[in-house]
Each structure stands twice: as structure tokens, then as C-alpha cells.
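> Take a look at the following structure, please.
Read the figures in this text as sums done on the coordinates, not as results from a lab. From a predicted model like this one, the values you see are computed outputs, not experimental measurements. Cβ placement follows ideal geometry from the backbone for every residue including glycine, while neighbour counts extend to all protein chains displayed.
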């Protein structure tokens, strides 16, 4: 793997294996690809070599994996949003064709992709989704008052009382599960003609076609979208309008580059989404119930006598952690020592077995019991 000179210098020449897609793509690959191809007799060959080098880098990109904890983080993030936000809409849609987002924003010219810096997951920026929703609103001929309220306005003639701010926020959309990347290719057979070369006033077939490779998100990925009402401004109606317009946009127009060629369009299953929402609500209710139960149990234990509390805790230990507790009994607090001895005294069969199989440990525990005035024979 080739590394940019400044990165190599920062690492003091100690190259490391990079699994993160984003870091590998943006920081660790060759910076020479940013340099323009020199002109001259061998310029076509140099262009071809540059494309081959870019292809090698891109193949390394798609073979690397996203960081698994990223999915867990997103699940936890949306759970917190649903628990803490008053107005929001969370839904999933399936990507039915390859998708390319942010092709121009990369170290590799016209071969970019939005990848999360921490987890390497492909994502769709919230700004892009807001633009798609705006176009979706135009498709359904939404009222101007509604679009201005939901999206906001940059018109300086609006009142100064926050009228320029939108009522909702479009959060970045991430895959709901592990997602694959693929290589796509476009080949221009008449580059010089399209570039306006004076010697190619017409599209002659004498030019050499050069394939241009670029990464794309594979079809079949399920993305999770989230729209949040701005506190103090957004309402349930605003969030639902934004959801309707965004759904219209991603299904009829698509997201990212080359949508006119069929890229980046989504499908939405309302029935499946309804079932998923019901399951998510049930999961949240269960989590809240378990949380309350745990808090009540903590409060109950805290109100108990310290020795009684430790007796209850120690009694629930399995054999291995119970044995480890006994081995380290001399290091425990007095209340824990008394509780352990009383639990052991109540469990006569286990104590008999310990005296037979672990005589040294049993002798040590008897000594601790005598020092505490506890009977254990």
C-alpha cells in the first residue's frame, strides 16, 4: 500500500495495517494521484497508468471492511433520539441500485465516496438529503409557506425573528446493517472531443478509450433515515411533511450522482416499516421496564443492612465466582467476609466439599470466621 509523503513522515516510516476504510482512502493512499498528468508524447500512456494505479487503490478500498461497532453505535444513537426527542421520524428504505455520493470530494479525482471517519461506513450527508427532500416537495407541488417553514429561507427580506431557520433537521443516513462497496466503471471513447481539443472538432473513432473506475455502494443496502423537529420550532406536522417529501425524492429522483442513469434510487415498504416501528417501540418499552426494575432493585439493596445485602448478592454467585470470592476473602471488607461465612454456613454440602477438597482454603476461612466471632466448623 502506497502512502502519502507527509503521512509517511508523521509515522517515521513505520507503516501500519489500516482497516478503516476512510483513513485508508483519504490519508494512507498515494497523493501522487492528485497531481495532473504531464503532457507530451507519452501523456496517453501516463493517463492509462494513472487510472490503473487508481483502480488498484479502489480495489483495496472495497476489500477493506467497516468497523463493526459502528452499527451498534448507530442503534444506540437512534434509541436515545427516540427516547429524548419530542418530534422525529425514523424510517428505513432499501437501496435498489448502486449509489455514489460525494464523487468530487476526495484525494482521488472524480472517485470520492462519503465514508464515516471513525467507522468507515458509507453514509449520505444530511445536507444531501435536505436537497433531495426539497426536490421531492417540488414534485408534489407543496405550498410555498410549508416549504419555507420546514426548510427555512435565506431570503434577507424575511423577518429577523429566526424566520430563516428551518423547522426540521435532516440527520446523516447510515446503513442499518453491514454494507458492501463495489467498483463501477465509465469509459469515454471521445475524451479529446468532449474536452474541446481543436484537432477533434468531431468525435472520431481514432481516440483510445480509457476506463475510469470509481467506488459505489452496492445495491441491496438498507439505509436508516432520521428527521428531527428543531426544539421550539418544529412540530409533528413539519416532521411528517419532511418525511413525505424525502420519501418522494429518494424513490422518484434518487440520491447522489448519475441518478438520471438509474443510480441511487430507493424503495420503501410501508408495511414492513410499520412492523419494524412496532417492534422498536416494544423493545424500547421493555428496555425502560428493565431499567426501572434495575433501579428499584438497586434502591432495595441500598436500603438493606450491609451484611444482609451482601448475603443476597453472594448467594446468587455461580460456583466459579463464588470460589474466587472465597480465595480472596482476606482482602474483602468486614461486611462481605461475614456475609460469605454465613452463606457458606447455610450451604452445608458445599462447605463439607470445600473442607474435603480444599483443606488449606477451608482452614484460612475458619481462621477469618473465628476472628469475626462467627461460628464455622
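> What are the radius of gyration and Dmax of the stretch 212-266, computed over its Cα atoms and given in Å?
14.6, 48
> Can you give the Kirkwood hydrodynamic radius of the stretch 306-371 from its Cα pairs, in Å with one decimal? Don't jump to the answer; show the numbers that get you there.
Details: mean 1/r = 0.0850 Å⁻¹.
The answer is 11.8 Å.
> In whole Å, what three semi-axes, largest first, describe the equivalent ellipsoid of the stretch 234-318 built from its Cα gyration tensor (square root of 5 times each eigenvalue)? Can you show the working numbers first?
On the way: eigenvalues 530, 50, 26 Å².
Rounded to whole Å, the semi-axes are 51, 16, 11.
> Grab every C-alpha pair in the stretch 267-377, bin the distances at 10 angstrom width from 0 up to the longest one, and report whole percents.
The distribution over the stretch 267-377 is 12, 33, 19, 13, 11, 8, 4, 0, given as percents.
> With a 10 Å Cβ neighbour count serving as the proxy for reagent exposure, in which order, fewest first, do 171, 284 appear?
Numbers: 171 21, 284 13.
Final ranking by Cβ density, sparse to dense: 284, 171.
> What is the fewest-to-most order of 217, 230 by other Cβ atoms lying within 10 Å of their Cβ?
On the way: 217 28, 230 17.
Ranked by crowding around the Cβ, least crowded first: 230, 217.
> Return a whole-number percent for the relative contact order of the stretch 223-377, with Cα pairs under 8 Å and 6 or more residues apart as the contact set. Please report the intermediate quantities before stating the final value.
Working: 87 pairs, mean separation 17.7, N = 155.
Once divided by the residue count of the stretch 223-377, the mean separation gives 11 percent.
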